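Please read the structure below before turning to the comments.
What follows draws every value from the coordinates through simple rules; no lab data is involved. If you're wondering where the values come from, they're calculated on a predicted model, not measured in any experiment. Heads up, the Cβs are rebuilt from the backbone with ideal geometry, glycines too, and the neighbour counts pull from every protein chain shown.
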């Protein structure tokens, strides 16, 4: 009795932690998994943009006069005056100049002439899915931020439910069955924990920042949210009504090239263009820093008015300015992106294997739940399948915008429903993997056919090669396994997997 009383507190803690871990995984695992998959893909969103629209003009840089010429041309083409005029400058991973207003966006040629309209519907669909889960913006950010917080809670509860998890960090039992799966789940969780905990934390901060700002504004600033963000991003000057000639766009860019040659501009913002109160922000990149950039402020005439302080201000400003780049891996070039993608895949594996372990343990106790288990497999493999189907129809020019959103969510729902009817997780997994590989292959072939007369960049070729490799990795191992079960698939309804 004495021995049991000494061990019971630890046993109770482990049991409670494991219960919390399972509750979070069962209730929110699907959405967290979708965020992990889309986050992995979003790391390469710029390369996917170039693949999706390979005909856009590319350049290493653009002169201030050429950028100003293109910006004025696009602004003057607006039927309704725009309240903002933006210039995206060429970056190493996206060497394109884009002029954007409130209603449209065009690429610019290096000489300042306006080229084709910006159009990458699938990349935008992917980013909106990862940022907002296609919900209204504030609600979506809140939900995604909360899911990031739950992922942290799931990580902590997972560690607490395994007292020896760090001691056994390099233990891996080979063979078949439950133990190798458990070891893989636990070892990957330990080895990648610095990444996925940091990523979940920064994702939660990004997602919940707007909600926190509204709350702070409501209690302290009479609902004025600008006063919450102004200590970080600077204050907006007072609005001045009245028309005026469009601001000097080239002047601030020339000033930056002359005075800050080591901080190349990444983004140009003209607020309230062609009004008496127009003013300019130039966001410039600071190399070897985690911050997304620094705001340099200019008057309409091009007079420099100082910087906001993200690069040299308070520690809080610099930390907040670094969250975005840390979360998306925009701070170290291609090698960092590759590392983020590998960690993202491993996080997806951790999430997928966690619930598989749960179902295997249930099966060992005779508590079979083939429909629920099949539903989980349909989320794990139905997510990449339906993402691929949306990509295929976007490349084909059949769907974009809301159509892609509806296809993904309706398609994923239908996949889960069909899997529950099939009630055989193993065969559901194999079929969805095969369909994903076939859909990827068709997508790449269709993309190549549509661009036979174009000269895609190396980045575009790389995306096609990677998609083909993924198609092979996902689908080819399933073919012999499906052949073994072909008769069963045709006769029964994918009966229960024991």
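Values as computed for the structure displayed
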{"item": "The range 382-419 residues near the modelled residue 371 label - backbone nitrogen below 14 Å, point 7 Å along Cα→Cβ", "result": "416-419"}
{"item": "Segment residue 218-residue 290, length gained on full extension (0.36 nm per residue, minus Cα span)", "result": "22.8 nm"}
{"item": "Alpha-carbon centroids, the range 118-139 and the range 352-369: separation in whole Å", "result": "34 Å"}
{"item": "Sites residue 339 and residue 116, calculated FRET efficiency, Cβ-Cβ separation with R0 45 Å, nearest 0.05", "result": "0.85"}
{"item": "Centre separation in Å (Cα based) which lies between the range 49-66 and the range 93-115", "result": "7 Å"}
{"item": "Ordering of 31-43, 454-466 by packing [mean C-beta count within 10 Å, highest first]", "result": "31-43, 454-466"}
{"item": "Relative contact order computed over the range 368-498 (Cα-Cα under 8 Å; 6+ residues apart), in percent", "result": "35 percent"}
{"item": "Paramagnetic reach from residue 446 in the range 113-130 [backbone N under 15 Å; point 7 Å along Cα→Cβ]", "result": "121-123"}
{"item": "Segment residue 63-residue 257, length gained on full extension (0.36 nm per residue, minus Cα span)", "result": "68.9 nm"}
{"item": "Linear extension gain, residue 414 paired with residue 184, 0.36 nm per residue minus alpha-carbon span", "result": "79.7 nm"}
